[in-house]
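The next block holds one structure in the form of structure tokens; read it before the comments.
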Amino acid sequence: MTRESKELAADDIKDKCGRRARAGKPAVSKDPLVSEFIDLYLARVRRLTEQGKLAVQTEERYRSSANNRVLDGFGALRASEVEAGDIIDFLDEVSENHLSEARNCRVVLRGVFHEAVKAKAIAMNPVVAAAVRIEVPKKSPRRLTMGDLIELRKLVSEWRTAPGTMGPRPTNDLIDLIDVMLGTGARISEILSLQPDDVFVETNDDGEDVVCLRLRSTLVYAKGLGIHRQDRPKTDASNREIAVPKSAAELILRRTIYGGGTWLWTNRDGGPMWRSRFAVQLNKVTKGTELEWVSSHIFRKTAASEIADVVGLAAAQAQLGHEDQRTTQDIYVERKKKAPDLRAVLERLSSRSAA
């Protein structure tokens with residue numbers, strides 16, 4: 001469950017406990033349409049955003065689902081007409097081609113019919129009764145090998161440097177981002193939101209000065225606000241400080257000291273660099289090669305797998321900022337296909353050894 005879903009669920013409980021005995025008729029018509037409860041739900045979502053409990057882009061996502069698919073599917077129906085089977089059929093149809101949209105619609109529908117329950121238009125929430133689970137097919141985590149990394153760095157260094165290539169030469173933005181994501185395991189939105197105040201140096205127990213990052217924000221886009229820094233991470237566990245290895249630390253310090261701007265990674269106008277620019281450049285570099293499958297998320301998975309292999313899964317979870325270790329294990333850490341050599345351990349169970 002995401003932070004946003006938790007906030008909505010918590011708000012539901014508060015409504016149920018705090019307004020159960022509220023006198024007076026609800027502000028809806030007799031035998032109301034679902035569209036009326038969509039309006040009430042969106043008003044509640046707006047309040048949560050204004051209170052800082054819901055991200056602006058999350059509100060936009062829910063609002064889009066509510067005003068399009070949910071309104072089209074249920075808006076003209078009476079709330080009392082909708083049954084669990086209707087919810088199941090609707091979500092099954094949406095999930096055939098749009099899994100993420102189906103999950104959004106499920107959240108929206110649950111909230112919409114919760115408003116109907118509060119208004120006493122229906123006795124039970126049909127979404128709760130339907131108990132629909134929308135499972136996203138799991139893909140085995142994949143990481144970059146050392147050979148892949150060597151080849152990728154070679155491709156980046158040679159990109160747009162051939163004689164006769166028109167246009168400006170590429171900057172170091174792409175390779176620097178790759179190295180920092182590999183050296184931190186951070187999300188690309190966390191890296192691109194970095195400002196000089198997020199970089200600091202502390203002395204460890206061995207007397208060594210270590211470059212560290214405060215990962216406490218993400219770079220997001222919202223209609224009306226454009227690309228901006230959101231001063232709250234994806235989850236509470238994502239608010240963390242991490243030490244940076246030497247290679248990544250050097251380029252971070254270079255950008256912090258000599259960049260002279262608000263952001264460590266900037267666009268041509270001095271504003272924050274958006275992740276689509278990185279994605280476009282990476283796609284151009286790897287197109288037609290054996291590394292065409294690589295995306296920004298792969299660098300995070302590679303870092304997670306390396307940490308888990310060398311130090312352990314708990315360390316990988318802390319570095320990546322996950323609340324649940326299962327997320328780290330199931331989505332980010334590549335499983336080893338070869339078991340460790342445990343012959344010495346198992347030999348002790350042999351009847352000959354016991355004798």
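The values are calculated or read from the model by the stated rules, or taken from the named source; none is laboratory data. Because the structure is a prediction, the values reported are computed rather than measured. We place every Cβ from the backbone using ideal geometry, glycine too, and count neighbours over all the protein chains shown.
Here residue 68 fulfils each of the conditions (1) surrounded by fewer than 21 Cβ atoms within 10 Å (Cβ to Cβ); (2) closer than 11 Å to residue 109 by Cβ apart from (2). Sub-6 Å Cβ pairs linking a first residue in segment 198-210 that is on the phi < 0 side of the Ramachandran plot and surrounded by 10 or more Cβ atoms within 10 Å (Cβ to Cβ) to a second residue that is at pLDDT 90 or above and among the basic types (Lys, Arg), at least 6 apart or interchain, are 198/214, ordered by first then second residue. Of all the listed residues (142, 103), the sole one being basic (Lys, Arg) and either in contact with an Asp or Glu (Cβ under 9 Å, 6 or more places away or on another chain) or in contact (Cβ under 8 Å) with a residue 40 or more places away in the chain (or both) is 142. Residue count for segment 253-269, restricted to those that are among the hydrophobic types (A, V, I, L, M, F, W, C) and closer than 15 Å to residue 171 by Cα: 2. Tell me which residues, restricted to segment 229-269, are under 26 Å from the mean Cα position of the chain (by Cα) and free of Cβ contacts under 8 Å to residues at least 12 places away in the same chain. Correct list: 266, 267. Anything in segment 113-158 that is assigned to a loop (DSSP other than H, G, I, E, B) and within 18 Å of residue 296 (Cα to Cα)? List them, or say none. Selection gives 139, 140, 141, 142, 143, 144, 145. Across segment 282-313, the number of residues qualifying as under 22 Å from residue 326 (Cβ atoms) and assigned to a helix (DSSP H, G or I) comes to 15.
Out of all the residues in segment 205-216, is one or more of a type in the set (A, V, I, L, M, F, W, C) and closer than 30 Å to residue 290 by Cβ? No, there is no match, as no residue in segment 205-216 is of a type in the set (A, V, I, L, M, F, W, C) and closer than 30 Å to residue 290 by Cβ. Of all the listed residues (184, 171), the sole one being among the β-branched types (Val, Ile, Thr) and without any contact (Cβ under 8 Å) to a residue 60 or more places away in the chain is 171.
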